[in-house]
Amino acid sequence: MSLDIHYPRRTTKPCRIGSVTMGSGHPVVVQSMITEETRNIDSCVEQIIALHRAGSEIVRVTTPTLGEAQCLEEIKAKIREQYLDVPMTADVHHQGTAIAVEAAKYVDEIRVNPGLFVFKRHGSRASEIGADEEIDLRGRTEDASVDELRAELAYDPSEWDDELLALEESFVPVIEACKRHDRAMRVGVNHGSLSERILVTYGDTPAGMVESALEYLRLCEKHGYQNLNISAKASRVPVMVQANRLMAERLDAEGMNYPLHLGVTEAGDGQYARVKSTAGIATLLMEGIGDTIRVSLSEDPVEEIPVCYEILQALGLRKTQVEYIACPSCGRTKFNLPIVLNQVREATKHLVGLDIAVMGCIVNGPGEMADADYGYVGAAGGKITLYRKREPVKHGIPQEKGVEELINLLKEDLVWREPTEAPKLMTPLRTL
């Protein structure tokens, strides 16, 4: 009997971003972000379409100024005209009330960063320092007490309520715009950009990240808005994992069970960036935490999409390709396994939904491939045996005929399709 392990997924409210819904039992959503400047409208349109075709179900665009936000209208219109209506997110930056309100007219989701979309106090030490004279709280919170840091910043705790009122005044127009246009919002906290007030009070910690998000979520709920999702990203995997665990715990405890967006920010490029992202994202998904993911690479964003889907496939959350089970090869292997595995893959990779095993010998092959739909197993004398599930169904096949006979078996079982007939499949494999 095959071992089928299920991990309970965190129960969340749904969050709708255009035609996509995350959370509430829906498949984990894959998303990415374009790298083109938003004012380069045609280039943005081209990159958004390319990302969506590659499998990015939501595409994010940066909107640092009102001018970029206004460009979103033409970008969205051209995408609809040339392709289809792609769910889009506008990433709003510093002091972004007017920017977010404008962007909400055109795109499906607004992302705000509480550490940047923030009310700036006047008269404090922090407001007096220049661009070349910054007080670096990060890395110092373990060496200095909260009181010492507050003193250095001339921070008066009595200002807290006044600042929250000012924050609410700035943020409510964004909430109302999202309600008016039926848009979603991501409250996206980054470890590297917490606000001065949060840093002074909580330090540069996962707890500070959670409190930063909760302030904004409470304001949203106060004003009757709940089409939300939250992210807590960091460039260090342990911080990202701890922050999201704590975020899920606090949200659920306060009855704000919104979906979570997972990502290791600024992961870099190449193999290490992929491993680093997988370590953080997969750890949380295995714990049932996470409803949408982005792998952040310093590469063409199209390269992020295969990593996302391979993480989801490896965890049994989405099935977007054939699952190949193959042994690492050893002295018992009866054929050149890397070559044969590649031949089998090239012949069958369009048959999304199947699990196919390529095993080097009869000793461990049948047992190790027990969960596969079909097996291609080396036998003595330059022969192979084909399996259907655990049952050997074709024996003594010459190696050079192996792939051909595997295709014939698939045809006999009516699971073969010609490559041009195979639709792209991005469906949930199971609910963990």
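Descriptive notes on the structure:
- Once divided by 2.2 N^0.38 Å, the Cα radius of gyration of the range 224-298 becomes 1.11.
- Among beta bridges from DSSP that stay inside the range 1-115, the antiparallel ones total about 20%.
- Divide the volume of the convex hull around the Cα atoms of the range 216-256 by the residue count and you get 61 Å³ per residue.
- Span from the the range 395-422 Cα centroid across to the the range 10-52 one, whole angstrom: 37 Å
- Ligands, DNA and RNA excluded, the heavy atoms of Lys13 present near 50 Å² of accessible surface to a 1.4 Å solvent probe.
- Asp85 paired with Asp269, simple spin-label distance in nm, labels 7 Å along Cα-to-beta-carbon: 3.7 nm
- By accessible area with a 1.4 Å probe, ligands and nucleic acids excluded, highest first: order of Leu262, Leu414: Leu414, Leu262
- The overall shape of the range 265-329, judged from the alpha-carbon gyration tensor, is oblate: a/c is not under 1.5, and a/b is no greater than b/c.
- Shown is the FRET efficiency for Lys411 and Arg53, computed with R0 = 30 Å from the Cβ-Cβ distance and rounded to the nearest 0.05: 0.50.
- With all protein chains in place and ligands, DNA and RNA left out, the 1.4 Å accessible area ranks Glu196, Glu404 as Glu404, Glu196, largest first.
- Taking every protein chain into account, the 1.4 Å probe leaves Asp355 with about 30 Å² of accessible area, to the nearest ten.
- Pairs from Lys13/Lys389; Lys233/Lys319; Lys349/Lys401; Lys13/Lys319; Lys319/Lys383; Lys319/Lys411 whose Cα-Cα separation, in the structure shown, is over 28 Å: Lys13/Lys389; Lys319/Lys383
- Put a dot 7 Å past the Cα of Leu66, heading toward its Cβ, do the same for Val393, and the two dots end up 6.7 nm apart.
- Percentage of interatomic Cα-Cα distances in the range 368-419 larger than 11 Å: 67 percent
- Under 5 Å from the amide H of Thr62 lie the amide H atoms of Asp91, each residue being 5 or more positions distant or on a separate chain, with H modelled from the backbone and absent for Pro and chain starts.
- Where only C-alpha atoms are counted, convex hull volume of the range 11-50 per residue in Å³: 91 Å³
- Amide N of the range 31-57 lying under 19 Å from the label point, which is placed 7 angstrom from the Cα of Ser298 along Cα→Cβ: 33-37
- Hz values of 3J(HN,Hα) by residue in the range 21-29 - Karplus curve (6.51, -1.76, 1.60), Gly and Pro given as x: 10, 10, x, 6, x, 6, x, 4, 8
- 5 angstrom amide H check on Gly353, placed H, neighbours 5+ away: Gln321, Val322, Glu323
- Descending semi-axes in whole angstrom, ellipsoid equivalent of the range 277-394, from the Cα gyration tensor: 32, 15, 13
The values are calculated or read from the model by the stated rules, or taken from the named source; none is laboratory data. All figures in this text were calculated on a predicted structure; none of them were measured in a lab. Cβ: placed from backbone, ideal geometry, glycine included. Neighbour counts: every protein chain shown. Calculation scope for accessible area: heavy atoms of the full protein, side chains included, ligands and nucleic acids excluded. Shrake-Rupley method; radii C 1.70, N 1.55, O 1.52, S 1.80 Å.
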